Amino acid sequence: MVLPCLGALAYFVLFKESTLVKTLYGGTKAFTLAWPVLALTLILRQRFELPKPHRRDLESIPLGAASGLMIGLALVGLAQTALSGVMASGVPAIRAQAERFDLIDHYWLFALLLSIVHAFVEEYYWRWFVYGQLRQLLPPAGAHAVAGAAFAAHHVVITGVYFGWGWGVVFGAGVGLGGVLWSIMYERQGTLTGAWISHVIVDLAIMAVGHRALWGRWI
């Protein structure tokens, strides 16, 4: 639960001017892919099995799409309020980071990969693995809360770097609430599909807001 936050501190704060940034970022993401498998098989001695397609995957899509659209539209709406000034204050730092990662000329390709692939990896790590293990150790409310807080932590770092630490905590809290929603969906639906679709739509909305902040237009 802690290492993704430490990774964000490393590549966004401690070594942000270093050539190690891409390596640190890639290493952190590789950890989120590999650690659940290693932890389950080598430490917890559990069998790792890929989920099989199930009818509940299809049944979870409407709620996933509806929740994602509602949150996404709310984010787009908030971007039209006084928060637009807060977002504008972070544009130089966001642009510098995008240039550091060679993303400025490939924004929407990165946005699609982030919104589809990275969102799935986060659901696999934070909902299936982290929440999935916490619910065996804590009461349901505690498992949702701790998993949501852990999910929010590295987002506090990221948004804190761009918008100041006060706003970082506010935006991170919003991310944490999203994480709780998605872990509840996962618990009740028995699949990551609905939470993943919701996450994808929310991330696409965030990337659209970011594009407008950087270039003054939505797409």
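Between residues in the range 33-51 that are among the polar types (S, T, N, Q) and residues that are surrounded by 11 or more Cβ atoms within 10 Å (Cβ to Cβ), which pairs lie under 6 Å by C-beta distance while being six or more apart or on different chains?
THR41/PHE48; GLN46/LEU40
If I ask for residues that are among the hydrophobic types (A, V, I, L, M, F, W, C) and under 18 Å from ILE116 (Cα atoms), which ones from the range 37-69 would you list? Quick ask: steps written out before the conclusion?
Step one: of the range 37-69, the residues among the hydrophobic types (A, V, I, L, M, F, W, C) are 37-40, 42-44, 48, 50, 58, 61, 63, 65-66, 69.
Passing the criteria: LEU58, ILE61, LEU63, ALA65, ALA66, LEU69.
Residues of the range 65-100 being within 19 Å of the chain's Cα centre (by Cα) and over 21 Å from GLY164 (Cα atoms), which ones?
ALA65, ALA66, SER67, GLY68, LEU69, MET70, ILE71, GLY72, LEU73, ALA74
Taking the stated definitions as given, is THR23 part of a helix (DSSP H, G or I), of a type in the set (Ser, Thr, Tyr) and either free of Cβ contacts under 8 Å to residues at least 24 places away in the same chain or surrounded by fewer than 14 Cβ atoms within 10 Å (Cβ to Cβ) (or both)? Even if it seems obvious, please write down each step before you answer.
Values: part of a helix (DSSP H, G or I): yes; of a type in the set (Ser, Thr, Tyr): yes; either free of Cβ contacts under 8 Å to residues at least 24 places away in the same chain or surrounded by fewer than 14 Cβ atoms within 10 Å (Cβ to Cβ) (or both): yes.
So THR23 passes the test.
What residue, of PRO51, PRO36, PRO4, is within 20 Å of LEU192 (Cβ to Cβ) and either at pLDDT below 90 or among the β-branched types (Val, Ile, Thr) (or both)?
Working: PRO36 fails: either at pLDDT below 90 or among the β-branched types (Val, Ile, Thr) (or both); PRO4 fails: either at pLDDT below 90 or among the β-branched types (Val, Ile, Thr) (or both).
After ruling out the rest, the residue left standing is PRO51.
Just to be sure before I move on: is TYR125 in contact with a Ser or Thr (Cβ under 8 Å, 6 or more places away or on another chain) and under 21 Å from ILE201 (Cβ atoms) in the structure I sent?
Numbers: in contact with a Ser or Thr (Cβ under 8 Å, 6 or more places away or on another chain): yes; under 21 Å from ILE201 (Cβ atoms): yes.
Considered against the rule, which asks whether it is in contact with a Ser or Thr (Cβ under 8 Å, 6 or more places away or on another chain) and under 21 Å from ILE201 (Cβ atoms), TYR125 comes out as yes.
Could you identify the single residue in ALA145, ALA195 that is in contact (Cβ under 8 Å) with a residue 24 or more places away in the chain and crowded, with 21+ Cβ neighbours inside 10 Å?
Values: ALA145 fails: crowded, with 21+ Cβ neighbours inside 10 Å.
Just a single option satisfies the conditions, and that option is ALA195.
If the Cβ limit is 7 Å and pairs must be 6+ apart or interchain, which residue in the range 57-85 that is over 15 Å from LEU192 (Cβ atoms) pairs with which residue that is charged (D, E, K, R)?
Within 7 Å, the pairs are ALA79/ARG212.
Looking at the range 26-110, what helices (runs of 4 or more DSSP H) fall wholly within it and have at least 2 residues that are under 23 Å from GLN189 (Cα atoms)? Let's see the steps before the verdict.
On the way: elements: 55-59, 61-78, 83-89, 91-100.
Passing ranges, in order: 55-59, 61-78.
Looking at (1) part of a loop (DSSP other than H, G, I, E, B); (2) over 22 Å from ALA152 (Cβ atoms), which is the one condition that is false for GLN136?
(2)
Within the range 160-192, restricting attention to residues that are surrounded by 20 or more Cβ atoms within 10 Å (Cβ to Cβ) and polar (S, T, N, Q), which residue is farthest from LYS16 (Cα to Cα)?
The residue in question is THR191.
Inside the range 186-219, can you point out the residues that are modelled with pLDDT of 95 or more, more than 16 Å from the chain's Cα centre (by Cα) and outside any loop (DSSP other than H, G, I, E, B)?
GLU187, ARG188, GLN189
The values are calculated or read from the model by the stated rules, or taken from the named source; none is laboratory data. Given the structure is predicted, the values throughout are model-derived calculations rather than measurements. As a convention, Cβ positions derive from the backbone with ideal geometry for all residues, glycine included, and neighbour counts pool all protein chains shown.
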